[in-house]
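Some notes on the structure that comes next.
Each reported figure results from applying straightforward, stated rules to the coordinates on display, with no laboratory input. This one's a predicted model, so the numbers in the text were calculated from it and none came from an experiment. Positions of Cβ are backbone-derived with ideal geometry, glycine not excepted, and every protein chain shown enters the neighbour counts.
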Amino acid sequence: MNRVLDSVILIDHFNGVPAATDFLARWASECAISAITRAEVLTGFEEADWAAPMMLLAHFPVLPVDAAVADEAARLRRQYRWKLPDALQAAFAITRGLRLVTRNTRDFPPARFGFVEVPYLL
């Protein structure tokens, strides 16, 4: 495992974005998700419709928020004024030496943040 998926990649997949589906088909075995991603993805579905997202989410290890992640998220949030979920996503990548896979180049421009991987743009 060397990547942590941002919510937008999985949401794009469920919204029928072929580039997201292609990325997941190729790299899912190297990816984990955060507890944040799991919650954000499930929020987009009625509980009665959770079968499909739960089946996909089950393929990924879920990274819990621990003290190191929380502390790094606080530092990042203060430094970059990110929303807490974005700071947590970045903190997962930084504290675990992973790449954050996202297409959120506004908050995470890859030229500025070496831990960011942008697999496609819309």
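Taking only region 25-55 into account, find how many residues are in a helix (DSSP H, G or I), touching a residue at least 24 places away in the same chain (Cβ under 8 Å) and in contact with a helix residue (DSSP H, G or I) (Cβ under 8 Å, 6 or more places away or on another chain).
7
Out of everything in region 74-120 that is touching a Pro at 6+ places or on another chain (Cβ under 9 Å) and aliphatic (A, V, I, L, M), what residue ends up being nearest to S34 (Cα to Cα)?
Filtering region 74-120 for residues that are touching a Pro at 6+ places or on another chain (Cβ under 9 Å) and aliphatic (A, V, I, L, M), the one nearest to S34 (Cα to Cα) comes out as V101.
In region 42-63, is there at least one residue being at positive phi and among the charged types (D, E, K, R)?
No - not one qualifying residue is present in region 42-63.
Quick one: how many residues across region 69-122 are over 11 Å from the mean Cα position of the chain (by Cα), surrounded by fewer than 20 Cβ atoms within 10 Å (Cβ to Cβ) and outside any helix (DSSP H, G or I)?
19
Looking only at region 1-44, how many residues end up being crowded, with 21+ Cβ neighbours inside 10 Å, aliphatic (A, V, I, L, M) and farther than 14 Å from P119 by Cα?
Of the residues in region 1-44, 3 are crowded, with 21+ Cβ neighbours inside 10 Å, aliphatic (A, V, I, L, M) and farther than 14 Å from P119 by Cα.
Of all residues in region 11-20, how many are over 13 Å from L122 (Cβ atoms) and of a type in the set (V, I, T)?
Of the residues in that region, 0 qualify.
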